[in-house]
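A short worksheet on the structure shown next.
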Amino acid sequence: MFISDLPDELKPPQRWFDFCHKRFLAAGDLKALYCMALKAKHIFEVGVGQGYSTVTVLEACKKTGGLLWSVDDDRSGKCEVAIRNVVRFGLKDYWFFRKANILDYELRRKYDLIYVDITANPEEWKKILPKLLSHLEDNGEVFVHAAKYDLPKMIEDVAGISYNFKHYDDHLNCTIRRS
């Protein structure tokens, strides 16, 4: 699905394009994330940073009535920027945010979409993946930004589950669909 194919009432507002265009991020990865978020009611995000992906998902939530739960340990010190952006765009009613390490955070529900944008080494991934995948709804999707390791193999080895996997683009983004 492409943004240009969406009915007008589901397209993101111009302010989103303006906001994301400040960085090169109005490119394919955020557009794909927006379209994925339109199909999800319960979304979990690991890694907030300055909030470009957060605002993207929340714009979709505003259109559909979805909700976003986000967690970030704020090692980068950028989460305050993300919080200001969410408030500035009037999206805070759709967002639950906690400063925490994903390994210490207790997930309490299953999610239709899990977006992961963190830097983790293979040993950390071996702890993070089972936790996230155990909270993924049937037919849910995981979108991993800038995947650097052989995640499909790791998923099968660590979680003991076979998932459909495809690369999204040349930036090593990938989606994993639980089948």
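Just name one of GLY51, PHE97, MET36: the one whose Cα is farthest towards the positive end of the charge dipole of the range 34-113 (beta-carbon charges, Lys/Arg +1, Asp/Glu -1).
The Cα lying farthest towards the positive end belongs to MET36.
To make sure I understand, if each residue's beta carbon is the centre and we count other beta carbons within 10 Å, what order do ASP104, ASP74 fall in, fewest to most? Walk me through the numbers before you get to the answer.
Details: ASP104 9, ASP74 15.
Ascending Cβ contact count within 10 Å gives the list ASP104, ASP74.
For Cα pairs less than 8 Å apart in space and 6+ apart in sequence, what is the mean separation divided by the residue count of the range 50-138, i.e. the relative contact order in percent?
Working: 84 pairs, mean separation 26.4, N = 89.
Value for the range 50-138: 30 percent.
How many nm is it between the label spots at ASP5 and PHE17, if each spot is 7 Å from the Cα in line with the beta carbon?
With each label point 7 Å from Cα toward Cβ, the separation is 1.9 nm.
Among THR64, THR119, what is the fewest-to-most ranking by other Cβ atoms within 10 Å? Mind dumping the intermediate values first?
Details: THR64 14, THR119 10.
So the residues, fewest neighbours to most, are THR119, THR64.
What is the order of VAL48, VAL87, VAL71, VAL142, fewest Cβ neighbours within 10 Å to most?
On the way: VAL48 28, VAL87 11, VAL71 21, VAL142 24.
Least crowded to most crowded, the residues run VAL87, VAL71, VAL142, VAL48.
If the chain between LYS39 and LYS127 were fully stretched, how many nm would it gain, using 0.36 nm times the residue separation less the Cα-Cα distance? Walk me through the numbers on the way to the answer.
Values: separation 88, 0.36 × 88 = 31.68 nm, distance 2.76 nm.
Once the chain is fully extended between LYS39 and LYS127, it gains 28.9 nm.
Between ASN101 and ASP138, what's the calculated FRET efficiency when r is the beta-carbon distance and R0 is 30 Å? Round to 0.05.
On the way: r = 27 Å, r/R0 = 0.91.
Result of the calculation: an efficiency of 0.65.
Rule-based calculations on the coordinates, nothing more; no lab input. Keep in mind the model is a prediction, meaning the values are calculated, not measured. Neighbour counts are summed over all protein chains in view; Cβ atoms, including those assigned to glycine, are modelled from backbone coordinates with ideal geometry.
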